[in-house]
Amino acid sequence: MQRPLMIDERLIDVQAAERDRLLIAVAPDDQAEQLVRAGKRFADAMHAEWMVVSVETPALQRLGERARNRRVEVLRLAESLGAETVTLDGPSAAATLSEYARLRNVTRVVVGEPRHARWRLPLRPSTAIQLMRVRRGFDVSSIARREPSGSASPEAVVDPRGIRWSSYAAGLPISIACTVLAAIMFPYFSLTDLVMVYLLGTTVAALRLGRGPAAMVAVVNTLAFDFNFVPPRYSLAVTNFNYLVTFAVMLAVALIIASLVASVRAQTRVAGARERRTSLLYGMSRELVATRGFAQLAHVAIKHVAETFTGRAAVLLPDEEGRLSRERTPAMAGSLQDADLSIAQWVFDHDTPAGLGTDTLPGAPAQYLPLRGSGKVLGVLAVEPSHRRRLLLPEQRHLLETFAGQIALALERAVLADRAERARVSAETESLRNTLLASISHDLRTPLAVIAAASSALNDPSTAFDAQSRRLLAASIESKAGEMTQIISNVLDLMRLEAGTALHRDWQTVDDLVGSALDRLKTRLADHPVRLDLSPELPPVYVDGALMLQVFTNLLENAVKHTPPETRITIRASAAEAGVRVVIDDTGPGLPGDAERLFGKFQRGRDEGNTGGAGLGLAICRAIVELHGGRIEAARRPGGGARFTFTLPVTRA
C-alpha cells in the first residue's frame, strides 16, 4: 500500500516547486487553520493561484454547531488571505476533490494528516491515499500536524446532542410492520420472498429516517427474520449453515441500501437547496428586467433577498445631495425598516461592505453592501438574516454579492433610462422651442407688418385720410391683432393641455355645443353653407364644455380656412357604442399628403402661404379629445373633400 508523503511544513522547500495552481482541502477539525496558512505560503512562494475547498459529505452534514462554526471561520480566514473558497458536496471527499481538481486544472492537492488511527487505514483509507490512487495530472501532498494526534478532533465528530432518538424509535414500527406482513405471507411464499419484504422496510427507513435509523432497522429486520421464520422458529439458533450466508447477505445488502439511499437523500437535499437559490436568483433577475422605477425595483429586490436569506432586507437609495434615506412607501413583508442609516451612509461614501461578517462593525446585526454601478455607488443593500450562518458562509456571501450585483445593474439601467428620457424630453423641448420660434416669427411677421404700416400711415400728419379710409386702416389693425392673439392663445392652450390640465366636466348636449360653435363663427361661415344632421335621440355627453367647444370651433375654422367660398360643410352626430360619434365633412379640395401628419404641431396644409395660423389647431383638437379618453381621425371624404371623426364619452370616467 502506498503511503502518503508526510512532510513537516517547516521543512518544505516551496522554492523548488514549479506549480501554478493549488487546492487546499480542509475539514472542520483542528488542523484546518494550519492547512490554510500553509497553502498561503505555498501560493506566495510559487506565485500560484490557490483555492480552499470544503467537501460536505453525509458524515460532515451531521456535525454539531461548534464544528459548523469552525468551518465558517476557516473559510473566512482563507478568503481574508486571498484564497478562492468553494464548498462541494458528495458521498466521498476523495472522489469529489479529484473530480473538481481535474475540472479546475489543479496541479497540486494539499490535504491534512489522517485523523483516525493507523490500524484503520487498511479498512478505511485516508483522503490522501484515495487521492493518490485516483490522481490524474496532479500531485498530492499531506501536511503533518504540529502536534501529532492519533484520534479524531472532538469538533469533527457528530454532536451527541444532535442525534434524533425519535428517528430511531420510528424505525421499530417499520420492523414490526415488515414482520406482520411477512407472517401473513409465510404460508404462501418462500423464505427468499420474505427477505424482500424486510429489504423493502430497510429502504423505506433509509428514505424517511436517515442512515443511522436505517442501519438499526436492517439489524432488527435480520434478527426478526431469523427469530420468526427460520427453523427452528422463535429461536436465534440456526440449524442450516446456508441460512448464515442468507443472514450475512441480507444484512450486507440492507446496510448498503441504507447507506446509498441516505447518501442520495442528503445530496438531493443539498442540490435542492442550491437549485432553490439559483431559481430565486433567476426569478429576481427576470423580475428586475421587467420592472421600471426605483421604488418598484427596490420592492422586487427586498422580496427576493429576504426570501433567499430568510430574514429582512432594505435597499437604501440616495437623494440629490447623496444622503441615504429609508423608503417612504408602506412597509412590505421582509422589509428592514430599522436599518442603521449611519452604517449605510459610511458604506455608501467609502464603497466598502460593513456590518455582520465583515471587518468593519462586525457586531452589527445586519450586513451592508454597496450597490456598485459602472461609475459610482448607486445605493446600499442591507440584509439581516434570521441566522448568522446564512451570511457567514463564504458561498452564501458570494450569493449575496451576486444578488447585490444584479440589483446594482437594474438600478443602473433605471438611472440610464431616466437620463435617456430626460435627454429625449430636453431634445424634444429644444426642437419644439426652435420650431415654435420659427413658426411664430413667420406667422407674426405679416400681421405685425400690416399693423406697423397702418399705424404709421394713421400717424403721418402729412397724409390726409377720409373717414372711410381711417375705418379700413383701423379694421386691418384690429383684424391682424386678433390673428396674433389667436396664434398666441393656441400656443398657450396646447402647452396647458400637454401639461395635463384638469378637466371641468359636466353633462352637455351635442346640439348646444354645435350651436355655440356656429354662433361664434357666424361671420366667418357666411360664405359656407352648413348642413346639420343630428340624431334626435342623442344622449348627453360628459365633457368639459369649454374645451369641447374649442374642438368644434377649430375644426370648423379649419374647414373655412382651407376651402373656397360656397363649400358645403356637414356636421353629423349619432349614438355609438363608445359614446357619441361626430363627423364633420366638407366638399373642398381634400387633405394634402398624409392625413395623420396634420395632427402634429406646426403642420399646415398645402396653401400655407395663403393661410394664417401656426398649424396648432388640429394638434389642440387631438389633445382635447384624447384628454377625454376619445380618438380623433382625419380621412378623405368619398366623392372629394375632407372628413374629421371623433367620439365623445357618455359615461363618467
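Brief remarks on what is shown
- Where strands (runs of 3 or more DSSP E) fall entirely within the stretch 567-653, those with at least 2 residues that are at pLDDT 80 or above, within 14 Å of Leu556 (Cα to Cα) and under 46 Å from the mean Cα position of the chain (by Cα) are at 642-648.
- Test: residue in the stretch 338-354 that is out of contact with any Gly (no Cβ under 6 Å at 6 or more places or on another chain), part of a loop (DSSP other than H, G, I, E, B) and over 25 Å from His398 (Cβ atoms): yes
- Condition check for Ser479: at pLDDT 80 or above and hydroxyl-bearing (Ser, Thr, Tyr): no
- Looking across the stretch 346-371, the residues that are of a type in the set (S, T, N, Q), free of Cβ contacts under 8 Å to residues at least 24 places away in the same chain and either buried (at least 17 other Cβ atoms within 10 Å of the Cβ) or under 19 Å from Gly322 (Cα atoms) (or both) come down to Thr352, Thr358.
- Residue list for the stretch 441-461, filter: among the polar types (S, T, N, Q) and at pLDDT below 75: Ser441, Thr446
- Checked against (1) modelled with pLDDT of 85 or more; (2) out of contact with any helix residue (DSSP H, G or I) (no Cβ under 9 Å at 6 or more places or on another chain), Glu320 meets all criteria but (1).
- When residues in the stretch 521-541 are screened for being farther than 21 Å from Asp586 by Cβ and surrounded by fewer than 19 Cβ atoms within 10 Å (Cβ to Cβ), 5 of them pass.
- Of all residues making up the stretch 230-275, the number that are in contact with a helix residue (DSSP H, G or I) (Cβ under 7 Å, 6 or more places away or on another chain), exposed (fewer than 12 other Cβ atoms within 10 Å of the Cβ) and modelled with pLDDT under 70: 0
- Filter pass, Glu147 being at pLDDT below 70, touching a Lys or Arg at 6+ places or on another chain (Cβ under 6 Å) and either within 30 Å of Glu33 (Cβ to Cβ) or assigned by TED's automatic domain parsing to the domain that holds Gln34 (or both): no
- In the stretch 276-325, the residues that are exposed (fewer than 12 other Cβ atoms within 10 Å of the Cβ), under 26 Å from His350 (Cβ atoms) and among the basic types (Lys, Arg): Arg323
- In the stretch 372-391, residue surrounded by the most Cβ atoms within 10 Å (Cβ to Cβ) [restricted to those that are within 19 Å of Thr87 (Cα to Cα) and within 24 Å of the chain's Cα centre (by Cα)]: Leu391
The values are calculated or read from the model by the stated rules, or taken from the named source; none is laboratory data. Just so it is clear, the model here is predicted, and its values are computed rather than measured. Cβ: placed from backbone, ideal geometry, glycine included. Neighbour counts: every protein chain shown.
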